[in-house]
Amino acid sequence: MDMEAQRYVWDGAIPLQIHLHESDVATLPAPPPALILAPRIGYLPLLASHLKPHFSSALPPRLDTIWFEYKGLPLKWYIPTGVLFDLLCAEPERPWNLTVHFTGYPGNILIPCEGEDSVKWSFINSLKEAAYIINGNCKNVMNMSQPDQVELWRSVLNGNLEPYRRVSTKLKLGTVGDEYAAKLNLSGETDFSGQVKAGRVPVRLYVWIVSEDFEDLEDAPQIDSWDKVSYINRPVEIQGGEGGRCFTLHDAVKSLLPEYFLDKSLTNEKSLTVGDEHEQRVSSEDASSDRKAEEEVENSSEHITSCYQHDDAEIKLVRIQGIHPKLEIPFSWVANNLMNPEHFLHICVYLKVPQANTMS
């Protein structure tokens with residue numbers, strides 16, 4: 001991984017202006033909004049330690065679990081803050097105006113969150129999933145010592161890259177390697193882990209499908225319901241492109257959306273679903289944890305149903321770590337340099353599809 005790119009990911013932050021919801025204002029006048037620079041790789045519930053003191057004079061005596069909304073949409077706490085911003089703000093809003101609640105947790109929309117512990121275990125489970133995708137088992141994550149586990153989580157919590165690197169090298173997750181990535185690494189430096197892996201990349205794809213066209217991002221429609229967002233949790237295997245060309249970000253997105261981009265040369269079902277690794281042999285001591293990781297990967301995808309015509313889909317926007325990369329960029333570089341600390345690459349896509357036509 002390029003150290004400059006990794007530092008960019010870890011230093012990324014979003015200015016937030018957080019308002020206390022009027023239903024939680026127990027004492028007038030209402031307090032001013034809180035201004036916070038939130039880490040992109042962080043999670044919204046982790047801001048509670050800053051927000052409770054700020055709003056303490058106005059809060060009711062009995063508090064519920066903290067939760068956030070944006071324009072009426074409850075925000076999923078287990079999605080990194082930067083990913084939420086990239087997905088929900090086609091035209092970046094700075095500061096990002098959010099509303100915080102300390103009562104009335106919407107359990108019908110959001111899964112339960114018990115504060116930092118819930119966020120921590122969600123992170124660790126994602127790390128297990130990534131390890132399973134990359135190595136075929138999650139042995140190294142499962143065998144982390146307690147001190148290493150604490151140091152790894154604290155490094156993410158506090159945004160400290162050096163201790164994170166110190167622990168993560170022991171997990172031996174390596175980096176994706178191909179001839180194109182090698183050509184890009186002109187300095188001759190190796191990844192900090194010293195390992196190069198062939199190409200199974202853990203990816204989480206967030207797809208917002210729109211039927212109307214728009215030229216300017218400020219005209220993009222607003223996401224007002226999670227039902228309108230498709231969440232795809234599949235690995236991508238870097239393949240050689242036709243005619244010896246490199247496997248690009250465009251190829252990767254198309255391979256994750258075979259319902260809309262029919263291309264047999266890029267779509268390989270065995271490389272897209274971890275379920276096809278079901279016959280993989282694992283040691284008896286790892287069998288239970290590996291099966292759990294496999295089930296997480298299989299069950300956490302909300303697959304897009306094939307109810308649209310395929311030939312007119314158009315990618316309107318791809319955003320990763322706050323940037324709008326060119327679709328022709330080698331996917332190996334994207335995977336190696338823009339992944340989150342849990343070793344998943346989060347990709348937000350706005351996909352224009354003509355008015356839905358139900359297929360018989």
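Just to be sure I understand, how many residues within region 111-162 are more than 26 Å from ALA13 (Cα to Cα) and among the hydroxyl-bearing types (Ser, Thr, Tyr)?
The number of residues fulfilling the criteria is 2.
Check off (1) at pLDDT 90 or above; (2) within 29 Å of GLU314 (Cα to Cα); (3) exposed (fewer than 13 other Cβ atoms within 10 Å of the Cβ) for ASP216 and give me the number that stays unchecked.
Tallying (1) at pLDDT 90 or above; (2) within 29 Å of GLU314 (Cα to Cα); (3) exposed (fewer than 13 other Cβ atoms within 10 Å of the Cβ), ASP216 fails exactly one: (1).
Which number in (1) under 19 Å from GLY42 (Cβ atoms); (2) assigned by the TED database to the domain that holds VAL25; (3) in contact with a Phe, Trp or Tyr (Cβ under 8 Å, 6 or more places away or on another chain); (4) buried (at least 16 other Cβ atoms within 10 Å of the Cβ) marks the one condition that GLY82 misses?
(3)
Take LEU262 and tell me if it is open to solvent by less than 40 Å² (accessible area, probe 1.4 Å) and either at pLDDT below 90 or outside the structural domain of ASP86 (by the TED database) (or both).
Judged against the criteria, LEU262 is not a match.
Being closer than 15 Å to LEU249 by Cβ and either modelled with pLDDT of 60 or more or part of a helix (DSSP H, G or I) (or both), is that true of even one residue in region 290-307?
Scanning region 290-307 turns up no residue that is closer than 15 Å to LEU249 by Cβ and either modelled with pLDDT of 60 or more or part of a helix (DSSP H, G or I) (or both).
Does region 30-48 contain any residue that is at pLDDT below 95, at negative phi and either open to solvent by 40 Å² or more (accessible area, probe 1.4 Å) or among the acidic types (Asp, Glu) (or both)?
Within region 30-48, one or more residues are at pLDDT below 95, at negative phi and either open to solvent by 40 Å² or more (accessible area, probe 1.4 Å) or among the acidic types (Asp, Glu) (or both).
Among the residues of region 93-134, write down those that are open to solvent by less than 10 Å² (accessible area, probe 1.4 Å) and in a loop (DSSP other than H, G, I, E, B).
PHE102, LEU110, CYS113
Can you tell me which residue among TRP96, TRP121, TRP153 is closer than 30 Å to ASP216 by Cβ, aromatic (Phe, Trp, Tyr) and not assigned by the TED database to the domain that holds ILE329?
TRP96
For SER122, work out the one condition from (1) at positive phi; (2) within 15 Å of the chain's Cα centre (by Cα) it doesn't fulfil.
Evaluating SER122 over (1) at positive phi; (2) within 15 Å of the chain's Cα centre (by Cα) leaves (1) as the failure.
Here are ASP64, ASP2: which of them is in contact with a helix residue (DSSP H, G or I) (Cβ under 6 Å, 6 or more places away or on another chain), open to solvent by 30 Å² or more (accessible area, probe 1.4 Å) and modelled with pLDDT under 95?
The conditions single out ASP2.
Just checking: which of the helices (runs of 4 or more DSSP H) contained wholly in region 1-92 hold 3 or more residues that are touching a residue at least 60 places away in the same chain (Cβ under 8 Å)?
Counting at least 3 such residues, we get 3-11, 81-88.
What are the residues in region 135-179 that are among the acidic types (Asp, Glu) and in a helix (DSSP H, G or I), if any?
ASP148, GLU151, GLU162, GLU179 - these are the residues of region 135-179 that are among the acidic types (Asp, Glu) and in a helix (DSSP H, G or I).
(1) buried (at least 16 other Cβ atoms within 10 Å of the Cβ); (2) of a type in the set (A, V, I, L, M, F, W, C); (3) more than 22 Å from ILE323 (Cα to Cα): which one isn't true of CYS89, the others all being true?
If we test CYS89 against (1) buried (at least 16 other Cβ atoms within 10 Å of the Cβ); (2) of a type in the set (A, V, I, L, M, F, W, C); (3) more than 22 Å from ILE323 (Cα to Cα), just (3) comes out false.
The values are calculated or read from the model by the stated rules, or taken from the named source; none is laboratory data. Owing to the predicted nature of the structure, the values given are computational and were not obtained by experimental measurement. Because the Cβ atoms are built from the backbone with ideal geometry, glycine has one as well, and the counts that use them run over all protein chains shown. These accessible areas exclude ligands, DNA and RNA; they are computed on the full protein's heavy atoms, side chains included. Shrake-Rupley method; radii C 1.70, N 1.55, O 1.52, S 1.80 Å.
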